[in-house]
Amino acid sequence: MKRFNVRVYGICINERNEVLLSDESHQEVSFTKFPGGGLEFGEGTLDCLKREFLEEFNLEIAVEELFYLTDFFQVSAFSENDQVISIYYLIKADTDELDYIITNHLGAEKLHWVRLSELTEESVTFPIDRIVVSKLIS
């Protein structure tokens, strides 16, 4: 069965002009992406993003504005029957709390800051994230 897989991500840029990225693994594949996750049935995109940050990092965020929405066909890296639709929002979070989480988080996701001046498309794994990076650094 073919289906849509809607993903919602947060772009957090701190006062040091660094962007937050997440190192993760799924199905024995390691990758780097923007933090976020999958939309659940009955959930809005903003609620999804807030839930993901609370579940993964116990962190409340403020969603600022829509940054990018996938406008082309992309097959999932994990299922050839899934079409990925990704939604990216600019977000704000307590950066002191984020720095603490980055230093002390021991979960499956590992957050880290990357200077915008050092960010390249190769800093992230997936094609849609690479487009977002190109928009961020242009």
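Below, the figures for the structure above:
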{"item": "Rg to Rh quotient for region 24-74, alpha carbon positions, Kirkwood Rh", "result": "0.98"}
{"item": "Nearest 10 degrees, 0 to 90: helix 127-137 Cα axis against the chain principal axis", "result": "40"}
{"item": "Value of Rg/Rh across region 1-90 [Cα atoms, Kirkwood radius]", "result": "0.96"}
{"item": "Virtual spin-label span in nm between R3 and D94, 7 Å along Cα→Cβ", "result": "3.6"}
{"item": "Between helix 45-57 and the chain: long-axis angle, C-alpha atoms, 0 to 90°, nearest 10", "result": "60"}
{"item": "Helix 95-104 vs. the chain, principal-axis angle (Cα, 0 to 90°, nearest 10)", "result": "80"}
{"item": "Amide hydrogen neighbours beyond the local backbone of S86, cut-off 5 Å, H modeled", "result": "R7, T70"}
{"item": "Exposure proxy ranking, count of Cβ atoms within 10 Å, fewest first, for Y68, Y100, Y88", "result": "Y100, Y68, Y88"}
{"item": "20 Å Cα-Cα threshold exceeded, pairs from K33/K92; K33/K110; K50/K92; K2/K135", "result": "K2/K135"}
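Values quoted throughout were computed directly from the atomic coordinates according to the rules given, and no laboratory measurement underlies them. Keep in mind that what you see is a predicted model, and the values were worked out from it rather than measured. We place every Cβ from the backbone using ideal geometry, glycine too, and count neighbours over all the protein chains shown.
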